[in-house]
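Only one structure is covered here, and it is reproduced in the block below.
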Amino acid sequence: MKRHQVLILLLFLVFILQGTVGFWLTPSSLQGKINPNFMYVAILFATIYHHRHTGLVLGLVFGMLHDVVYYGEMIGTYSFTMGVSAYIIGLLFKTPRAPLPIMMTAVILGSLLLDSMLFGIYKLFRINPDSYNWALLNHMLPDLLIHFAFALIIYVPLRKQFDFIAKGPKRSKAA
């Protein structure tokens, strides 16, 4: 099996775990406030360590899956915001072997960018009546802390996976 297919299967597994196990791990008092998106953090890793176009495509595909499965008010918001924000983060951080501080900065900025774009779209179509300051303090910053902690946990395994993908399979020359 190719490494790219393994990456897509891992992203799909993170998507499944985000919806099942993530719900159980969230305290009941915070279930309406926080909405962690672990799949987006993995897409940011793909954006930084592979290529920004990969992040764009993965963001569009898995964002549409996210729209269809979880949120039915507007189809396409997560697809658009995940794809565009992953592409923008890929443009800002063009480091092929980004160290931990740069990757964590990318996760923080990407999380804020995703949530801010979602807030703007929902505000534009009058779905969200709250102010940006309230949403920042009550939704975006708790999500950002959870995304940061998740990124710290998966940094080493995903970086090794992307290093292995970058090397590619070794082919022996036929005599």
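Laboratory data are not the source of any read-out in this text; all were calculated from the coordinates shown. Model, not experiment: these values are computed from the prediction. Counting neighbours? That spans all protein chains shown, and the Cβs are built from the backbone with ideal geometry, glycine included.
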Worksheet, complete the sentence: Going through region 90-104 in order, the residues found to be within 20 Å of residue 157 (Cβ to Cβ) and in a helix (DSSP H, G or I) are 100, 101, 102, 103, 104
Worksheet item: Within region 67-89, which residues are aliphatic (A, V, I, L, M) and closer than 14 Å to residue 127 by Cβ?
Response: 74, 75
Worksheet item: Of all residues in region 49-89, which are touching an Asp or Glu at 6+ places or on another chain (Cβ under 9 Å) and among the β-branched types (Val, Ile, Thr)?
Response: 75, 77, 81
Discussion item. Exactly one condition in (1) surrounded by 15 or more Cβ atoms within 10 Å (Cβ to Cβ); (2) under 22 Å from residue 31 (Cβ atoms) is false for residue 130; which is it?
Written reply: (1)
